[in-house]
2 protein chains.
Amino acid sequence: MGVLHEISQNVRNIKPLVSSLLTRRASQIKEELRQGVKKPYKEVIDVCWDDSHRAGVKPLSFVRQVLATCIHPQLVMSDRLPMDVKQRAQTMLRRCDGGSVGSYADTSHPTELFETISEFMKRRDRGASAGDLYISPGSLWSLTTFLSTLVKKGSFRTGVLTPVPGHCTTISAITGLGAVAAPYQLSEEHGWELHLEELLRALESAKRTCNPVALYIINPGSPSGHVQSRESIQEVIRFVSEKKLFLLVNEVYQDCVYGEKKFISYKRVLREMGPPFADTVELASFHSASKGLLGESGLRCGYMELVNVDPTVKRYIATLFSANACAPTLGQIALDLMLNPPQPGDPSYPLYKMETQNIWNMLIHNVKRVYEVINSLPNFLCQSLEGGTFAFPRLYLPLKAIQRAKDMGMEPDTFYCIRLLEDAGVLVSPGCEYGQKDGTYHIRICITTTEETMEEVLQRLACFHTQFMKDFK
Amino acid sequence: MGVLHEISQNVRNIKPLVSSLLTRRASQIKEELRQGVKKPYKEVIDVCWDDSHRAGVKPLSFVRQVLATCIHPQLVMSDRLPMDVKQRAQTMLRRCDGGSVGSYADTSHPTELFETISEFMKRRDRGASAGDLYISPGSLWSLTTFLSTLVKKGSFRTGVLTPVPGHCTTISAITGLGAVAAPYQLSEEHGWELHLEELLRALESAKRTCNPVALYIINPGSPSGHVQSRESIQEVIRFVSEKKLFLLVNEVYQDCVYGEKKFISYKRVLREMGPPFADTVELASFHSASKGLLGESGLRCGYMELVNVDPTVKRYIATLFSANACAPTLGQIALDLMLNPPQPGDPSYPLYKMETQNIWNMLIHNVKRVYEVINSLPNFLCQSLEGGTFAFPRLYLPLKAIQRAKDMGMEPDTFYCIRLLEDAGVLVSPGCEYGQKDGTYHIRICITTTEETMEEVLQRLACFHTQFMKDFK
């Protein structure tokens, strides 16, 4: 037994992800298939993670061409690359110290990237200027680092109200900091809406075990797929203002909105509500290059915008963001390209337009088909998908299946996912990972995959589900 | 005053870096020069950070060609790229989910990268196998995340023995976690050797204010430039074994060793010492793609190796490394290329050999010239540079200069650095940032820059220094 036999309780409280176990099993099955083991399917389809390239979506040519030229600047001599690609790459390289993406990037004062973000926000929020910006290797990193400034020591732990369902990684981050994730339920029966009375209930309940200081929102919702209306956002803003909570808003899915509703940023609603809200409610909003049409998760970059935060506090946050990590240069370039894509008239525009339109068509197709197919199956119910990149349908599992799962020492929806993987070669993740009302079960399916793959997933899922329900009737 | 008016004391304890202020002033001066303001120099030379590309070193063509092809796979059709570049890129892409560097990379079980690291270690450590490996966005991230498992709550804070001089970012990380950095002095008079009696003194002294659980070592030393002998490493291993301390070793400068001494890894010495040390001393070693001949700091990737750590603890660490961040895919590829470069016979080998030899010649030149020039100047003393990428010479400042600095409310070596920047356009950082014995003053100069730039730096430094000493005589 060594020095490290007793590790920090905060770390000990972090739960390992069930999905990681499923992913590992999926890798084993892939290996078995390679070795010629007979299965009812020829390959495993992975729609578990929010990772569009993994799920088969192709990267945008413009983005990749610019990045490749930044990496290997001799490509400006290539006659196969459009002029605007070369120009953009040269602009990006001029920003890099020593003209190389291999130098550390200044993440506390990257003036030009801040300008790109500000311009993007002016367009998005009808002229509202940007607050204070901080670049990071991703929105989870931003959130964790920001939260570390909020967490106080002491016997009464710091609390953060978090949505159910939500992101398991956020819960891990909060727990790892020694804080408490205090759950509030989204209303599945109402398309996963956020209800004020539930926020009030959750806050009062949290106060019994911790000191709640912040409310964490995911909009567009993930994995819920709900998109908040302006009225709902206003309600939340009034709530945090009255209860003196810090507002943390994950807005990384802002490009992925499918229905009639439009995405409206919290900052815009806050500004438009005027005083006293506009100049007092403290807000941190998170965005990322990992999601949406770009989907460059592997490059790791995002930004955080702070509104109405005390300048003294911002100085500490700037130190944390600049001292502890520097976002990868190529991720920063990808973020810039995402927020400032080719425009009509640019040589790269036609191809860019076509590629993004294809991704868009794919998303629309998948949203429609997931909803149709799942709702056509018995004991399976999917709310309408307004935004985000997941479907989170509810499973009404037979008692026998629930019993079998419990006998095996696992959650009933984990049991369903394992069977789906083993029997049909489809990798999804169980609702228990993201939080759900007691006694309800769900699965999470990523919809950013090609139409063909999604059809195959739905076909396998339909067969499996029907058989599963029969087996455990 | 908002919710965030009182932020965490841990975060409040983190000191902002003096170098950041200097860097910001350097940016202003650059802007002034652009606007035509007359100065005694035409450009600012930045040898402040450990960032070779920033300081003018060119990236390795092989590495950049492979990365560009991974980013933009159509480049495999290019007839300008060597065959081994294309093959390597294809091998790397096969490892990426969906065949895209845009997908999240599995950082907890990247089998193939682990194999590359293991093979590298077998060569480096004469056959000793790898311990347990964890990939991260960089060695500071690895260290901070690992330390978070060691830090306990409670009134008596967790302590980590840290070298003086050392890395200011490490101190920030330790402080930010609520732990205490307990200093031990390296002996400047003996070429910055680490002495056992000083470790003993530091440990006893630390015990009065905290609970020391780990010893942090930087070897090759940074900014000291010292390289530990096998005997010194053995002494440290016996010390931590007896005192039951966890051993944290930063070995990121292992490729940068210039003198007669060779780099020997702590793990190798530990293994070769045999029982009881070999199978009980707990060790974490850190390496990175940011330093050495590769110098790809902007891509962000490194790894941590654990030896003799309890399996239960390792499970938590794996969760932390996989849940909280995923190292950028391109950084992981760069790390793989660094540890498995082209071999004689490969089409890319001649160019790779020439480029690395040029960087090597440059380092040898700079090491020699920095030592010669600084030691030829009055009141300036540089220990011999055995390794690492910095010189950390001692300044013997006149009382008048010290008084002037104090009148201005700054550290004397910060005053020297600001004057050097303003008067001679050379950006270095002050010793106070890295820790130094009371009453001693130093500057830190990065030596990974071209020979021409280094000659220009030394010429400007010599003129400035001579004048400064006259002015304050």
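Some notes on this structure:
Residues are listed down the side, and each one gets a yes or a no for (1) among the β-branched types (V, I, T); (2) farther than 25 Å from A:G159 by Cβ; (3) at the interface with chain B (Cβ under 8 Å from one of its Cβ atoms); (4) crowded, with 20+ Cβ neighbours inside 10 Å:
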position: A:V249; (1), (2), (3), (4): yes, no, no, yes
position: A:V252; (1), (2), (3), (4): yes, no, no, yes
position: A:M273; (1), (2), (3), (4): no, yes, no, no
position: A:E282; (1), (2), (3), (4): no, no, yes, yes
position: A:E305; (1), (2), (3), (4): no, no, no, yes
position: A:R315; (1), (2), (3), (4): no, yes, yes, no
position: A:F321; (1), (2), (3), (4): no, no, no, yes
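- Residue among B:G98, B:G102, B:G56 that is on the phi > 0 side of the Ramachandran plot, in contact with a His (Cβ under 6 Å, 6 or more places away or on another chain) and at the interface with chain A (Cβ under 8 Å from one of its Cβ atoms): B:G98
- Taking the conditions (1) within 14 Å of chain A (Cβ to nearest Cβ); (2) more than 30 Å from B:E296 (Cα to Cα); (3) touching a residue at least 12 places away in the same chain (Cβ under 8 Å) in turn, B:T169 satisfies each one other than (2).
- Candidate set from the range B:6-22 (those that are over 20 Å from the mean Cα position of the chain (by Cα) and not polar (S, T, N, Q)); member that is farthest from the other protein chains (Cβ to nearest Cβ): B:L21
- Residue match in the range A:461-472 (condition: without any contact (Cβ under 8 Å) to a residue 40 or more places away in the chain, in the same structural domain as A:K38 (by TED's automatic domain parsing) and in a loop (DSSP other than H, G, I, E, B)): no
- Test: residue in the range B:107-114 that is among the small types (G, A, S) and in contact with a Gly (Cβ under 9 Å, 6 or more places away or on another chain): no
- Filtered residues of the range A:249-294 (kept if on the phi > 0 side of the Ramachandran plot and either of a type in the set (A, V, I, L, M) or free of Cβ contacts under 8 Å to residues at least 40 places away in the same chain (or both)): A:G274
- Flag: B:S205 matches the condition of being assigned to a helix (DSSP H, G or I), among the hydroxyl-bearing types (S, T, Y), outside the structural domain of B:D51 (by TED's automatic domain parsing) and at pLDDT 95 or above.
- Restricting attention to the range A:173-190, the residues that are within 11 Å of another protein chain (Cβ to nearest Cβ), in a helix (DSSP H, G or I) and surrounded by 24 or more Cβ atoms within 10 Å (Cβ to Cβ) add up to 1.
- Screening B:V240, B:V213 for residues that are within 13 Å of another protein chain (Cβ to nearest Cβ), surrounded by 17 or more Cβ atoms within 10 Å (Cβ to Cβ) and out of contact with any helix residue (DSSP H, G or I) (no Cβ under 8 Å at 6 or more places or on another chain) leaves exactly one candidate, B:V240.
- Count of residues meeting criterion [touching a helix residue (DSSP H, G or I) at 6+ places or on another chain (Cβ under 6 Å) and within 22 Å of A:V18 (Cβ to Cβ)] in the range A:185-201: 1
- Which listed residue is without any contact (Cβ under 8 Å) to a residue 40 or more places away in the chain and either assigned by TED's automatic domain parsing to the domain that holds A:S290 or within 27 Å of the chain's Cα centre (by Cα) (or both), from A:K368, A:K406: A:K368
- Contact annotation: residue pairs with Cβ atoms under 6 Å, 6 or more positions apart or on different chains, pairing a residue in the range B:122-133 that is closer than 11 Å to B:R271 by Cα with a partner that is buried (at least 16 other Cβ atoms within 10 Å of the Cβ) and among the basic types (K, R), are B:D125/B:R268; B:A128/B:R268; B:A128/B:R271.
- Members of the range B:5-22 that are in a helix (DSSP H, G or I) and either without any contact (Cβ under 8 Å) to a residue 60 or more places away in the chain or not hydroxyl-bearing (S, T, Y) (or both): B:H5, B:Q9, B:N10, B:V11, B:R12, B:V18, B:S20, B:L21, B:L22
- The sole residue among B:H53, B:H72 that is in contact (Cβ under 8 Å) with a residue 40 or more places away in the chain, of a type outside the set (G, A, S) and closer than 21 Å to B:L335 by Cα is B:H53.
- Candidates B:T111, B:T91 - the one that is more than 12 Å from chain A (Cβ to nearest Cβ), out of contact with any strand residue (DSSP E or B) (no Cβ under 6 Å at 6 or more places or on another chain) and without any contact (Cβ under 8 Å) to a residue 40 or more places away in the chain: B:T91
- Any hit, the range A:28-38, residues being more than 23 Å from B:R95 (Cα to Cα) and either assigned by TED's automatic domain parsing to the domain that holds A:E296 or in contact (Cβ under 8 Å) with a residue 60 or more places away in the chain (or both): no
- Members of the range A:23-46 that are within 13 Å of another protein chain (Cβ to nearest Cβ), part of a helix (DSSP H, G or I) and not acidic (D, E): A:T23, A:R24, A:R25, A:A26, A:S27, A:Q28, A:K30, A:R34
- Among the conditions (1) closer than 16 Å to A:G131 by Cβ; (2) of a type in the set (A, V, I, L, M); (3) surrounded by fewer than 22 Cβ atoms within 10 Å (Cβ to Cβ), A:L293 misses just one, which is (1).
- Selection from the range B:392-438 of residues that are basic (K, R) and farther than 24 Å from B:S27 by Cβ: B:R394, B:K400, B:R404, B:K406, B:K437
- Where B:L150 falls short, out of the listed (1) modelled with pLDDT of 90 or more; (2) of a type outside the set (F, W, Y); (3) buried (at least 17 other Cβ atoms within 10 Å of the Cβ); (4) closer than 24 Å to B:Y316 by Cβ: (1)
- Take the conditions (1) in contact with a Cys (Cβ under 7 Å, 6 or more places away or on another chain); (2) crowded, with 24+ Cβ neighbours inside 10 Å; A:Y104 misses just one of them, which is (2).
The values are calculated or read from the model by the stated rules, or taken from the named source; none is laboratory data. Nothing here was measured: the structure is a model prediction, and the numbers come from that model. Cβ: placed from backbone, ideal geometry, glycine included. Neighbour counts: every protein chain shown.
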